[in-house]
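**Q** Sharing a structure below in structure tokens format, with a few things to ask.
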Amino acid sequence: MLKINVDLMLYRARGYSQQAYMAKNVVRRKQLFDRAEAAFRRCLEWDLADGRAYVGLGKVLVRSKRPEEARSLFEEGTRMVGMENPYIWQVRVWHVCGCSLVHEGAAFICSHVS
């Protein structure tokens, strides 16, 4: 799969996610979150090492009130990208710690890298 195809699908998936977040109608919001989830999962099928798809899908899962599924996805994503993607670490720290404080996040990362 060409990288441009993954980039375009990620763009489309993020658009669905943003539209869903802003949607007032509950049914429309669910439809858009479902589309976003399907698009992010397709990106993962195409490239398991792209951290952006894990981050986007995880955010969709959190907003869809499925935090445990998001947590396991962030852990899987961290393993798949070889623990080198700063975006997935940032989201994982935020999700697990519920904070954006640098010192708490650094402690979390250090405890999982060692």
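The values are calculated or read from the model by the stated rules, or taken from the named source; none is laboratory data. Predicted, not measured: the structure shown is a model, and the values here were computed from it. With ideal geometry, Cβ positions are generated from the backbone for all residues, glycine too; neighbour counts draw on all protein chains shown.
**Q** Just to verify a result, which residue in the range 55-86, among those that are hydroxyl-bearing (Ser, Thr, Tyr) and at pLDDT below 90, is surrounded by the fewest Cβ atoms within 10 Å (Cβ to Cβ)?
**A** The extreme case among them is Ser72.
**Q** Go through the range 58-79 residue by residue and tally those that are closer than 16 Å to Leu10 by Cβ, in contact (Cβ under 8 Å) with a residue 24 or more places away in the chain and out of contact with any Asp or Glu (no Cβ under 6 Å at 6 or more places or on another chain).
**A** Of the residues in that region, 3 qualify.
**Q** So Tyr16 ticks every box in (1) at pLDDT below 95; (2) buried (at least 17 other Cβ atoms within 10 Å of the Cβ) but one. Which box is left unticked?
**A** If we test Tyr16 against (1) at pLDDT below 95; (2) buried (at least 17 other Cβ atoms within 10 Å of the Cβ), just (1) comes out false.
**Q** Can you report the number of residues in the range 19-51 which are modelled with pLDDT of 95 or more and among the aromatic types (Phe, Trp, Tyr)?
**A** Total satisfying the criteria: 2.
**Q** Checking Arg92 against (1) modelled with pLDDT of 70 or more; (2) surrounded by 14 or more Cβ atoms within 10 Å (Cβ to Cβ): exactly one of these is not met. Which one?
**A** If we test Arg92 against (1) modelled with pLDDT of 70 or more; (2) surrounded by 14 or more Cβ atoms within 10 Å (Cβ to Cβ), just (1) comes out false.
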